[in-house]
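**Q** Quick one: this structure, given as structure tokens, is what I'll be asking you about.
Coordinate-derived values only; no laboratory data. Predicted, not measured: the structure shown is a model, and the values here were computed from it. Don't worry about glycine lacking a Cβ; one is built from the backbone with ideal geometry, like all the others, and counts go over all protein chains shown.
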Amino acid sequence: DAKTTQPTSMDCAEGRAANLPCNHSTISGNEYVYWYRQIHSQGPQYIIHGLKNNETNEMASLIITEDRKSSTLILPHATLRDTAVYYCIVRAYNDYKLSFGAGTTVTVRA
Amino acid sequence: DAGVTQSPTHLIKTRGQQVTLRCSPKSGHDTVSWYQQALGQGPQFIFQYYEEEERQRGNFPDRFSGHQFPNYSSELNVNALLLGDSALYLCASSATQGPGEQFFGPGTRLTVL
């Protein structure tokens with residue numbers, strides 16, 4: 001039972017911002033939004049997470065709508081090394097597992 | 001500072017055999033989770049170990065079992081291997097205190113013939 005909906009794939013140009021949408025319309029009040037990515041043949045890599053406020057770290061920014069039903073991961077200046085599958089995951093803080101869906105395959109083109 | 005390490009990198013087994021995969025968590029982490037990733041799919045949660053006990057389990061049969069040692073390292077055991085068990089097995093570690101982000105190892109590629 002997927003809790004998130006993401007586009008199957010998207011392309012973006014190197015050096016431009018990449019905006020990755022995620023729909024989580026059934027999110028509960030105690031559930032966080034997590035983003036991970038998986039570069040081919042590697043383990044998933046944590047990117048960022050948030051509850052209701054927008055968050056930013058050295059990798060990306062996370063924008064969560066006021067009603068918390070959707071969010072956008074922003075990679076400010078995409079590089080070829082950002083080509084990966086990006087997973088948006090909704091998870092309660094006391095839920096130990098990460099429930100991965102199919103994710104969005106992002107291809108950064110020169 | 002070493003991250004999460006897993007061994008072996010690759011493994012080939014035949015149906016009916018048993019396999020043991022190993023994981024060493026990132027320094028400072030005391031919790032280990034295991035995931036199975038079939039080709040073209042996202043990782044699926046198998047179980048999580050904390051304080052040498054299985055704390056949460058996903059929808060996997062009893063053929064999948066695990067263990068955590070006092071040094072926090074962990075093993076995943078799969079008995080009576082099936083062709084469908086062929087997958088990338090990922091180990092992730094986390095610290096009990098903190099935001100709960102999990103750090104993944106590179107995985108063990110298991111092929112069942």
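**Q** Name the residue, out of A:23, A:54, A:94, whose mean-square fluctuation peaks in a Gaussian network model built on chain A with Cα pairs under 10 Å.
**A** Largest GNM mean-square fluctuation: A:94.
**Q** How do A:49, A:24, B:67 rank when sorted from fewest to most other Cβ atoms within 10 Å of their own Cβ?
**A** Details: A:49 19, A:24 22, B:67 14.
So the residues, fewest neighbours to most, are B:67, A:49, A:24.
**Q** Residues with amide H under 5 Å of residue A:92's amide H, sequence separation 5 or more or different chain, H placed in the peptide plane at 1.01 Å from N; which?
**A** For residue A:92, whose amide H was placed from the backbone, the distant partners under 5 Å are A:32.
**Q** I'd like the isolated cysteines in chain A, meaning no second cysteine's beta-carbon lies under 4.7 angstrom from theirs.
**A** By the Cβ distance rule, which asks for a partner under 4.7 Å, the isolated cysteines are A:12.
**Q** Using θ = phi - 60° and the Karplus curve 6.51 cos²θ - 1.76 cosθ + 1.60, what whole-Hz ³J(HN,Hα) does each residue of the stretch B:80-86 get, with Gly and Pro shown as x?
**A** With coefficients 6.51, -1.76 and 1.60, one gets 6, 4, 10, 4, x, 7, 4 Hz.
**Q** Shielding of A:95-104 by partners, i.e. mean partner chain Cβ atoms within 10 Å per residue? Working shown, then result.
**A** Values: counts 3, 13, 13, 12, 5, 7, 2, 3, 2, 0.
Average per residue, whole number: 6.
**Q** Please give the net charge around residue B:85, taking every other residue with its beta carbon less than 14 angstrom from that of residue B:85, where Lys and Arg add +1 and Asp and Glu add -1. Walk me through the numbers before you get to the answer.
**A** Working: positive: B:13, B:15, B:63, B:109; negative: B:62.
Here the count lands on +3.
**Q** How large is ³J(HN,Hα), in whole Hz, for each residue of the stretch A:11-28 in order, when computed from phi with the Karplus curve 6.51 cos²θ - 1.76 cosθ + 1.60 and θ = phi - 60°, using x for Gly and Pro?
**A** 10, 8, 8, 4, x, 9, 6, 10, 10, 10, x, 8, 9, 9, 5, 9, 4, 9
**Q** For the protein assembly as shown, what value does the Rg/Rh ratio take when both radii are computed over Cα atoms and Rh is the Kirkwood radius, given to two decimals?
**A** Details: Rg = 17.6 Å, Rh = 18.1 Å.
Here Rg/Rh amounts to 0.97.
**Q** While we're on this one: Give me the three principal axis extents of the stretch A:1-96 from the C-alpha atoms, as integers in angstrom, largest value leading.
**A** That works out to 36, 28, 24 Å along the principal axes.
**Q** Using a Gaussian network model on chain B with a 10 Å cutoff between Cα atoms, which of B:84, B:40, B:16 fluctuates the most?
**A** Evaluated over chain B, the most mobile residue of the options is B:40.
**Q** Assign unit charges at the C-beta atoms only (+1 for Lys and Arg, -1 for Asp and Glu), then state the dipole size of chain A relative to its Cα centre in Debye, rounded to the nearest 20.
**A** Numbers: 10 positive and 10 negative charges, 22 e Å.
With Lys and Arg at +1 and Asp and Glu at -1, about 100 debye.
**Q** Could you compute the net charge surrounding residue B:48? Neighbours are other residues with a C-beta less than 9 Å from the C-beta of residue B:48; K and R count +1, D and E count -1. Numbers along the way, then the final one.
**A** Details: positive: A:97, B:55, B:57; negative: B:54.
Result for the local shell: +2.
**Q** Count charges around residue A:64 for me, please; just the other residues with Cβ under 15 Å from its Cβ, Lys/Arg as +1, Asp/Glu as -1.
**A** Details: positive: A:3, A:52, A:68, A:69, A:91; negative: A:31, A:55, A:66, A:67.
Every neighbour counted, the sum reads +1.
**Q** Would you pull out the residues with amide H under 5 Å of residue B:47's amide H, same chain only if 5 or more places away, H placed 1.01 Å from N?
**A** B:34, B:58
**Q** Could I ask something else about it? What's the Kirkwood radius of chain B in Å, using all Cα pairs? Could you put the intermediate results ahead of the total?
**A** Working: mean 1/r = 0.0716 Å⁻¹.
For chain B, inverting the mean 1/r across all distinct Cα pairs yields 14.0 Å.
**Q** Can you list residues whose amide H is under 5 Å from residue B:26's amide H, if they're 5+ apart or on another chain and H is modeled 1.01 Å from N?
**A** Residues meeting the criterion, in which the H sits 1.01 Å from N, are B:4, B:93.
**Q** Here's something else I'd like to know. Could you grab the relative contact order for chain A? Cα pairs under 8 Å, six or more apart, rounded to a whole percent.
**A** Working: 264 pairs, mean separation 39.8, N = 110.
Once normalised by length, the contact order is 36 percent.
**Q** At what distance in nm do the modelled label points of residue B:111 and residue B:11 sit from each other, each positioned 7 Å from its Cα along Cα→Cβ?
**A** About 1.6 nm, to one decimal.
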